[in-house]
Amino acid sequence: MAHESFSRTVLETAWQLAAGNNGEVTTEAIALQLGLKTRVEYKRMLNTLSDLHLAGRLQRFRQGVYGPVKAFKQPDKRQVMWQILRMRKRVTVEDMMVMAEVSKDYAREWLATLAKREVVRKQQQPGLPATWQLINDTVDMPVDDAKAAKLRELRQRKKREAINAIDQTIQSLQSASEALSKARDAITTMEEGE
């Protein structure tokens, strides 16, 4: 969770400083505001800024200059996760949750799908969160054909169920109409017989 709070701190600091500087802020100004003193801290901030830019949370105007995204367009979450994985080579589910802003289940499912396709390998050490290492960089993001087929089948099944429900309603209405017609005839016949 420390990573999440650092990312959030960097993001909020960048937004705050950019607001007072015509929508732009330099990496040096962010480092100064955060009180970063070592090269390791500065590198961590640069990596975080890059991740935030990749996730569509910050805009990079030029080398070392960032700002808030003008019209925030939600990027495709799978594409964001793929770019993060390719850049970092090794991620955890929590990394994906924070950087790509996805749920834990979605990140876990996506990484498991890549593991089945032998694009990543899951590594588990006792007492530590599992890491997923990129072992086969396909450049283009692998498409989840199985999930797409599953969703297609689900849509087709729901369509069939809806059509069946409509057909049953029509049959019920026809039966009710016939019953009402017979009742009307019976009442009419009774009136004529009196």
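The values are calculated or read from the model by the stated rules, or taken from the named source; none is laboratory data. Bear in mind that the values here come from a model prediction, so they are computed numbers and not experimental data. Don't worry about glycine lacking a Cβ; one is built from the backbone with ideal geometry, like all the others, and counts go over all protein chains shown. Please note that ligands, DNA and RNA were not included when accessible areas were found on the heavy atoms of the full protein model with its side chains. Shrake-Rupley method; radii C 1.70, N 1.55, O 1.52, S 1.80 Å.
Results for (1) in a strand (DSSP E or B); (2) in contact with a Leu (Cβ under 7 Å, 6 or more places away or on another chain); (3) free of Cβ contacts under 8 Å to residues at least 12 places away in the same chain, shown as yes or no for each residue.
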site	(1), (2), (3)
80	no, yes, no
85	no, yes, no
91	yes, yes, no
107	no, no, no
110	no, no, no
118	no, no, no
128	no, no, yes
132	yes, yes, no
137	no, no, no
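Against the numbered list (1) open to solvent by less than 70 Å² (accessible area, probe 1.4 Å); (2) modelled with pLDDT of 90 or more, residue 138 comes up short only at (2). Taking region 17-41 on its own, how many of its residues are part of a loop (DSSP other than H, G, I, E, B) and among the β-branched types (Val, Ile, Thr)? Residues flagged as part of a loop (DSSP other than H, G, I, E, B) and among the β-branched types (Val, Ile, Thr) within region 17-41 amount to 1.
The rows are residues; the columns are (1) open to solvent by 80 Å² or more (accessible area, probe 1.4 Å); (2) modelled with pLDDT under 90; (3) under 18 Å from residue 5 (Cα atoms).
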| site | (1), (2), (3) |
| --- | --- |
| 70 | yes, yes, no |
| 74 | yes, yes, no |
| 82 | no, no, no |
| 92 | no, no, yes |
| 105 | yes, no, no |
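Look at (1) among the charged types (D, E, K, R); (2) on the phi < 0 side of the Ramachandran plot; (3) over 15 Å from the mean Cα position of the chain (by Cα) and you find that residue 118 fails only one, number (2).
Scanning region 19-63 for residues that are open to solvent by 90 Å² or more (accessible area, probe 1.4 Å), of a type in the set (A, V, I, L, M) and over 19 Å from residue 87 (Cα atoms) turns up just one, 32.
Condition check ((1) in contact with a helix residue (DSSP H, G or I) (Cβ under 8 Å, 6 or more places away or on another chain); (2) assigned by the TED database to the domain that holds residue 84; (3) free of Cβ contacts under 8 Å to residues at least 12 places away in the same chain) across all residues:
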| position | (1), (2), (3) |
| --- | --- |
| 17 | yes, no, no |
| 20 | no, no, yes |
| 23 | no, no, no |
| 26 | no, no, no |
| 32 | no, no, yes |
| 39 | no, no, yes |
| 47 | no, no, yes |
| 51 | yes, no, no |
| 57 | yes, no, no |
